[in-house]
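Novice: After the C-alpha cells below, expect a handful of questions from me.
Read the figures in this text as sums done on the coordinates, not as results from a lab. Because the structure is a prediction, the values reported are computed rather than measured. Virtual Cβ from ideal backbone geometry, glycine too; neighbours counted across all protein chains shown.
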Amino acid sequence: MPKCTTFSFRDDLTEMVPDALYMRSVVGERLSIGVVKFIEPEAKKLPLKEHAHGEEVTLQIDGGCTVFQGVVGQPPSHQVELESGTVMVIPADEPHYGINTYGASHVSMRLNVATPPRADYGTKGAERVFYHALEEGKR
C-alpha cells in the first residue's frame, strides 16, 4: 500500500551552502516538491544560473523573488515579482532564474511543485537535494 510522505519546511531542510542555502525535496509518481530557503547576506553571493524543467507552481513563503524567463546575461523575455503569499506558474521547459529579496527575517523561501518530477531531485524514495552551481563546481 502506498504511503504518504511528509517533511517540515521549518525543520527538515538540508544545508547546501553554509549560512546561505537550505533545501528539501520529495518526489512522487507525477510531481516533485522542493523547498528552497535562502538566507541573507550569504545567499546574495550565490551565482545566478537559469534552469528549465516541467511545468512548475511556486508559492513564495517568506521574503520575495524576481523571477526572470530567459538566460542569464541576455535580456529576459518576461519577469514576475513574487512577494510572500504569491503563487506563480512557470510554463514547461521555459528557462528561468531568480533574484531573491529579503525582509526583516533575512530569508527568502519558496515551495516549488513541478510536473513531471524534476530529474535533478532524484526519484521517489531516493530523493536528493540539488544545487546546480555546486554540481558544476562553481562554489
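Novice: Explain nothing, just compute: Karplus ³J(HN,Hα) = 6.51 cos²θ - 1.76 cosθ + 1.60, θ = phi - 60°, for every residue of region 33-45 in order, whole Hz, x for Gly and Pro.
Specialist: After applying 6.51 cos²θ - 1.76 cosθ + 1.60, I find 10, x, 10, 10, 10, 9, 10, 7, x, 4, 5, 5, 8 Hz.
Novice: In debye to the nearest 20, how big a dipole does the chain give about its Cα centre with +1 on each Lys and Arg Cβ and -1 on each Asp and Glu Cβ? Provide the component values of the computation, followed by the final result.
Specialist: Details: 14 positive and 19 negative charges, 51 e Å.
Computed about the Cα centre, the dipole is about 240 debye.
Novice: Count the net charge of all other residues whose Cβ sits under 14 Å from the Cβ of GLY54, scoring Lys and Arg as +1 and Asp and Glu as -1.
Specialist: Details: positive: ARG30, ARG118; negative: GLU29, GLU55, GLU56, ASP93, GLU94, ASP120.
Charge balance near GLY54 sits at -4.
Novice: Go ahead and run the numbers for FRET between GLU83 and LYS49, Cβ-Cβ distance against an R0 of 35 Å, rounding to 0.05. If you can, show how the numbers build up before the last one.
Specialist: Values: r = 23 Å, r/R0 = 0.66.
Result of the calculation: an efficiency of 0.90.
Novice: Using just the helices of the chain, give the 222 nm mean residue ellipticity in deg cm²/dmol: DSSP H runs with n ≥ 4 each add -39,500 (n - 2.57), and the total is spread over all residues, rounded to 500. Don't jump to the answer; show the numbers that get you there.
Specialist: Numbers: 1 runs with 4 residues, N = 139.
Calculated at 222 nm, the ellipticity per residue is -500 deg cm²/dmol.
Novice: Rounded if a/c is under 1.5, else prolate if a/b beats b/c, else oblate: with a ≥ b ≥ c from the C-alpha gyration tensor eigenvalues square-rooted, which is the chain? Write out the running numbers ahead of the final one.
Specialist: Working: a/c = 1.43, a/b = 1.21, b/c = 1.18.
Rounded shape, in that the Cα axes give a/c under 1.5.
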